Protein chains: 2
Amino acid sequence: MRYLAARMDKPAAPPKVSFETDPGRYRHWTLAVEGEIARLTMKVQPFGGQDDEVELKSNSYDLSVDIELADAIQRLRFTHPHVKAAVVTSGHDRIFCAGANIYMLAASTHPFKVNFCKYTNETRLTLEEASAQSGIRFLAACNGATAGGGYELALACDEIVLVDDGSSTVSLPEVPLLGVLPGTGGLTRVVDKRKVRRDLADAFSTLAEGVKGKRAVEWGLVDAVAPRSKFAETVLQRAQALAARAPQVARGPGIELDALEPRVSDDRIEYRHVTLELDQASRMAILTVRAPAGEVPRSAAEALARAADGWGIRAARELDDALLRLRFHHEALGLVLLRTAGDRAKAHAVGEMLGGKDKDAWIVRETRLLWQRVLRRLDVTARSFFAVVDEKSCFAGPLFELLAAADRSYVLDADGVELRPGPLSEGLLPGWNGLSRLETRFLSDPARAKAVIAAGREGPIDAARANQLGLATVFADDIDFEEELRVAVEERASLSPDALTGMEASYRFPGPETMATKIFGRLSAWQNWIFIRPNATGETGALSLYGKPERPRFDWRRT
Amino acid sequence: MRYLAARMDKPAAPPKVSFETDPGRYRHWTLAVEGEIARLTMKVQPFGGQDDEVELKSNSYDLSVDIELADAIQRLRFTHPHVKAAVVTSGHDRIFCAGANIYMLAASTHPFKVNFCKYTNETRLTLEEASAQSGIRFLAACNGATAGGGYELALACDEIVLVDDGSSTVSLPEVPLLGVLPGTGGLTRVVDKRKVRRDLADAFSTLAEGVKGKRAVEWGLVDAVAPRSKFAETVLQRAQALAARAPQVARGPGIELDALEPRVSDDRIEYRHVTLELDQASRMAILTVRAPAGEVPRSAAEALARAADGWGIRAARELDDALLRLRFHHEALGLVLLRTAGDRAKAHAVGEMLGGKDKDAWIVRETRLLWQRVLRRLDVTARSFFAVVDEKSCFAGPLFELLAAADRSYVLDADGVELRPGPLSEGLLPGWNGLSRLETRFLSDPARAKAVIAAGREGPIDAARANQLGLATVFADDIDFEEELRVAVEERASLSPDALTGMEASYRFPGPETMATKIFGRLSAWQNWIFIRPNATGETGALSLYGKPERPRFDWRRT
């Protein structure tokens, strides 16, 4: 406790975590597959987390636990595509999961807290997306106390079964015990997904001890309860029923995902198709994605033959890993230049394959969903993204979406500068708001999005035409281009990082709202605010004093 | 400057402002009506604001300026209902409006900042509601520099005309100059209402000097520009065109709104129909609304005869004023018990009249819209609301909505306890999310909202039936009732005020999102966060250093 108190006064820099793992290396989760049913069992190693001096009691988690969960969901899709229902449960007897570890949170820096919450939110939304689009239904088998982030994990599943043993509850004790909000979409899912009556939701979320048994079912907090003697049987039956009702989608045969193993130095992270250059002095990074060099598969069968080695899967996984490293390891690099390079025809061919005749084939669908997730990860990354379109660049196929996702695009007015949207940009890679990025860009006039697509169907779009079509924020000839970009980069790097984060979050999601945009736009913002209020993280704040004998002392002014 | 610096170190308590005014007392605005066109002219008195030591230069505003604007919009509806278009302009030559006064903001406490932004947001949404529902179109005649909150005021209008004089721009300089966000819905309205391309919106909002002339039109930031020589003529023509296209709704004859003049003491604010009791020790308030005592009008003509003296208008205005006083003058009172009293049949009769055969008549519609606004004000008030339903209470007619708006309802299980929803609760008083409060409550099953309405049609609903219908969060007999309530009040008063604000804001708006819920739920939260980040309000933050020679120094970590 003394050690923790010391840490809370002076938050330690988060250790550099790796986002790569595989089931053979899991410390906290077990993934077991039997026919159409998978079982994901959480048994957190108390001193096996990111920081081996923080005890992860009661199946509470830290980032390292969530990285394994995210990996397991990814592998269900790619390696075990015949699974139709996955049971998420605990390897402990009396506890399902206690949520994020409070001592870890209290000891973390503000940027780490926010990034941690964002990552765990992405993992839960990924789980829901696997249910909706990959046909894998999830059942939370809450075999004991299900608290905070533990209940939020259950909320992300399609069904929740709670053991009825007279003591096990579901609860969101964040407000009453910690003075913060549930950080992984709990509030939103309680009223928006499970549609719990809002006054009962209010009562529930201020009740530290939670709700159990019949009342939990009546309030809509869980789908069913079962006594311990019948729990396993009930869970199995419900999992089988979920599997039987799972969407009929193409499945398999399944591939292994190999390790990415980038070469990492102080100023550079080098993958096979992706390079992240780190410029600490300018507080800027350059993220370059290269088009495939070899032959592009023309069918699902050809793609399957390449398995995880294929560019479509590999480049997306590399981009994802680069974004995560940027978020967690390079907090002060606020601006990212998005560059692309390579053979535009090949990148376009990848897009044609992913959105073409074989688009419903398993490997094609999963590759596309992977790109969808990676691009959505970029959309909620709190960095400015400027796309740079010049002679070398290759904004075609899936890489065209990098341009569409950017906060701004700088297009060089010169011969040989070309870009090309393909079928993927017609709505096959929707953002969090459910629209394609072109629809989001041209919210005032959907015909303009269609005009871009039509132009891409005809062939590569040259710089002048791209500008006419509304794809350039700044369009400049080679006399001005580098200077315009240099000034813009310097200017961006000089602005308040907080104000930019708020502004970008507001501008990236115009138009319709979804549960995801609510979670990221609303809950994340409230949580960010509450996390830095003295009432939570001040010396006498509730989060700081958790587990200590003192009671928190609040500034009572309501805002 | 020395004085301001001293103030910023130790924020002064905001002076107790009155929310009542009338055109004869305006210091900053002039309301002139000529036929169907009104002209609202802003000429802020430099030392005429809330704090007479803060100079409100360049038509920058403080709360006192916005109170006059809100009053003027209210009087357009009630006193000048024949107005079909209102021109919002400035009484200065070269400046339209510079937005909220930065020194006032920088010198304000965090709770005041947040409450100030909330109030100004409500005023702008009210302006949009007057356009949509009262048939008064608004034209922003930007006759000079239109910056920050000035541009946000213009964005709330139906059309924006900017003078084309080679220098006047529209701008949102908050991000580049102040390190905060535009606080009155600017970001949301730029991309969601005006549907500006998001990359151009990004460029615009980081450009301190703004955008002028033809480019402002091309980017969609304004609807038209006109040279100074033709500005007045262009504005008049466009206002006339707006008036000609204004919705055909019942109008007039118009009534005067008298002053409310409550009796205010330390522990009590007493209006004719509303009492607000202030319990500083328990950090709680009791807000009681009494049903009409006299005869209830049965028609629009009878309502018109009573004018502003009628209960429907008077009680709503009193409730509104009480909520504002609570927000600004009693920041530490975190919990409000909503009580009602009086003749249920009469309150129900008011509801039947407001939602009955004369519902499209002018005075009936405006009275209903007034209740809609007041209830929406309650929905975004950062206090916990518990409705208390006992033998004395009168949750009927418009007062039933107080129950539906509450975070919880405590219903006494006893004879003589009755409540009654009427036609107003069938969707005539929608919340910010566009749904009726009963639809929001029963999001999981719209049939349950209909069942409540059906029961109300049959007659008063007794306590047991109300509980069955899902209207009671807690239902207890007289042995337990007071104790349950006492414990709940104590418990609520002990919780983190910040966490409660975030939780309530999340639970009050499940279901569909609207521009208003985006503004309140998303932008308000981001702004709250940014306002207390050291990068804005710390010693070297951009807001703190505004107007000083030093450059802000930022913590560059992006979150």
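The values are calculated or read from the model by the stated rules, or taken from the named source; none is laboratory data. Computed from a predicted model, the values in this text were never measured in an experiment. Using ideal geometry, Cβ is built from the backbone for each residue, glycine included, and neighbour counts are taken over all protein chains shown. Quick note on the areas: whole protein, heavy atoms, side chains included, nothing else; ligands and nucleic acids left out. Shrake-Rupley method; radii C 1.70, N 1.55, O 1.52, S 1.80 Å.
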**Q.** Share of carbon and sulfur in the accessible heavy-atom surface of region B:261-362 [1.4 Å probe, %]
**A.** 48
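How large is the translational diffusion coefficient of region A:118-277 in µm² per second when you combine the Kirkwood radius over alpha carbon pairs with Stokes-Einstein at 37 °C and 0.692 mPa s? Kindly include the intermediate steps, with their values, before the conclusion.
Details: Rh = 17.7 Å.
Translational diffusion coefficient: 185 µm²/s.
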**Q.** Kirkwood-based Rg to Rh ratio, region A:489-559, C-alpha trace
**A.** 1.13
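Can you give the FRET efficiency for A:R486 and B:S494, using 1/(1 + (r/R0)^6), R0 = 41 Å, r = Cβ-Cβ distance, to the nearest 0.05?
0.15
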Q) HN-Hα J couplings of region A:514-523 from phi, Karplus 6.51/-1.76/1.60, θ = phi - 60°, integer Hz, Gly and Pro as x? A) 10, 4, 5, 5, 4, 4, 6, x, 9, 5
Q: List the extent of the Cα atoms of region A:231-332 along each of their three principal axes, largest first, rounded to whole Å.
A: 59, 40, 19
Q.
For chain B, place one equal point scatterer on every Cα, skip the solvent, and apply the Debye formula. What is log10 of I(q)/I(0) at q = 0.10 Å⁻¹?
A. -0.85
Q) What Kirkwood hydrodynamic radius, in Å, does the protein assembly as shown give when the mean of 1/r is taken over all pairs of distinct Cα atoms and then inverted? A) 30.7
(Q) At 7 Å along Cα-to-Cβ for each site, give me the label-to-label distance between A:Q280 and B:E34 in nm. (A) 6.7
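Restricting to the protein assembly as shown, compute how many DSSP beta bridges are antiparallel as a %, nearest 5.
Values: 44 of 132 bridges.
Percentage antiparallel, nearest 5: 35.
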Q. If you add up the charges near B:R137, with Lys and Arg at +1 and Asp and Glu at -1, over every other residue whose beta carbon is less than 14 angstrom from its beta carbon, what do you get?
A. 0
Q | Accessible area that becomes buried as A packs against B, both chains, 1.4 Å probe, Å², nearest 100 | A | 8300
**Q.** Nearest-10 value in Å² for the accessible area of A:D415, using the 1.4 Å probe
**A.** 140
Q | Under 5 Å, built H, 5+ apart or other chain: amide partners of A:A396 | A | A:R420
Q. What number, in nm² with one decimal, is the all-direction average of the projected area of the convex hull of the alpha-carbon atoms of region A:272-317?
A. 3.6
Q. Between A:V487 and the same site in the other copies, what are the distances in nm, shortest first, taking label points 7 Å from Cα along the C-beta direction?
A. 6.8
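Sum up the charges of everything whose Cβ sits under 11 Å from the Cβ of A:G220, counting Lys and Arg as +1 and Asp and Glu as -1, but leave A:G220 out.
Net local charge, A:G220 excluded: +2.
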Q. What list of ³J(HN,Hα) couplings, whole Hz, do you get for region A:276-292 from phi and the Karplus terms 6.51, -1.76, 1.60, once you set θ to phi - 60° and write x for glycine and proline?
A. 10, 9, 10, 10, 5, 5, 8, 6, 9, 10, 10, 10, 10, 10, 9, 5, x
Q. Excluding ligands and nucleic acids, what accessible area in Å² is computed for B:T514 using a 1.4 Å probe, to the nearest 10?
A. 40
Q) Are there residues in region B:306-343 whose accessible area shrinks by at least 40 Å² when all protein chains are included rather than the chain by itself, and which are they (probe 1.4 Å, ligands and nucleic acids not counted)? A) B:E331
Q: Note the full-extension length gain between B:A307 and B:E295 as 0.36 nm times their separation in residues minus their Cα-Cα distance, in nm to one decimal.
A: 2.9 nm
Q) Do you know the relative contact order of region A:286-425, to the nearest whole percent, from alpha carbon pairs under 8 angstrom that are 6+ apart? A) 30
Q | Other-chain or far-sequence residues with amide H under 5 Å of A:S60's (modelled H) | A | A:A98
Q. Reachable lysines from B:K357, Cα under 20 Å, same-chain residues fewer than 8 places away excluded?
A. B:K346
Q: Report Rg (one decimal) and Dmax (nearest whole number) for region B:18-144, counting Cα atoms only, units Å.
A: 14.3, 43
Q: Put a label point 7 Å from Cα along the Cβ direction on B:K450, then list its distances to the equivalent points in the other copies in nm, shortest first.
A: 3.6
Q: Order the following by accessible area, largest value first: B:R263, B:R420, A:R383. Probe radius 1.4 Å; ligands, DNA and RNA are ignored.
A: B:R263, B:R420, A:R383
Q) Expressed as a rounded percentage, what relative contact order does chain A have, with Cα pairs under 8 Å and six or more residues apart? A) 12
Q) What fraction, in whole percent, of alpha-carbon pairs in region A:83-207 exceed 20 Å separation? A) 44
Q. What is the antiparallel percent of DSSP beta bridges lying wholly in chain B, to the nearest 5?
A. 35
Q. If region B:390-448 were replaced by its equivalent ellipsoid, with semi-axes equal to the square roots of 5 times the Cα gyration tensor eigenvalues, what would those be, largest first, whole Å?
A. 21, 12, 10
(Q) For region A:337-385, take the convex hull of the Cα atoms, compute a quarter of its surface area, and give me that in nm², please. (A) 4.0
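How high is the relative contact order of region A:445-559, given as a whole-number percent (alpha carbon pairs under 8 Å, six or more residues apart)?
9
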Q: Starting from a label point 7 Å past Cα on the Cβ side, list the distances from A:A308 to the same position in the other copies, nm, shortest first.
A: 7.4
Q: For region A:39-86, state the average projected area of the convex hull of the C-alpha atoms over all orientations, rounded to one decimal in nm².
A: 3.5
Q | From phi via Karplus (6.51, -1.76, 1.60), per-residue ³J(HN,Hα) for region A:363-374 in Hz, x at Gly/Pro | A | 5, 5, 4, 5, 5, 5, 5, 4, 4, 4, 5, 5
Q) Can you pull the percent of Cα pairs in region B:98-139 with separation above 15 Å? A) 53
Q.
No solvent, one uniform scatterer per C-alpha: report log10 I(q)/I(0) for region B:193-274 via the Debye equation at q = 0.26 1/Å, two decimals.
A. -1.24
(Q) Ignoring ligands, DNA and RNA, please state the percent of accessible area on region B:489-559 from carbon and sulfur, probe 1.4 Å. (A) 52
Q. Can you list the residues, at least 5 places off or on another chain, whose amide H is less than 5 Å from the amide H of B:S90, using H built in the peptide plane?
A. B:M42, B:N143
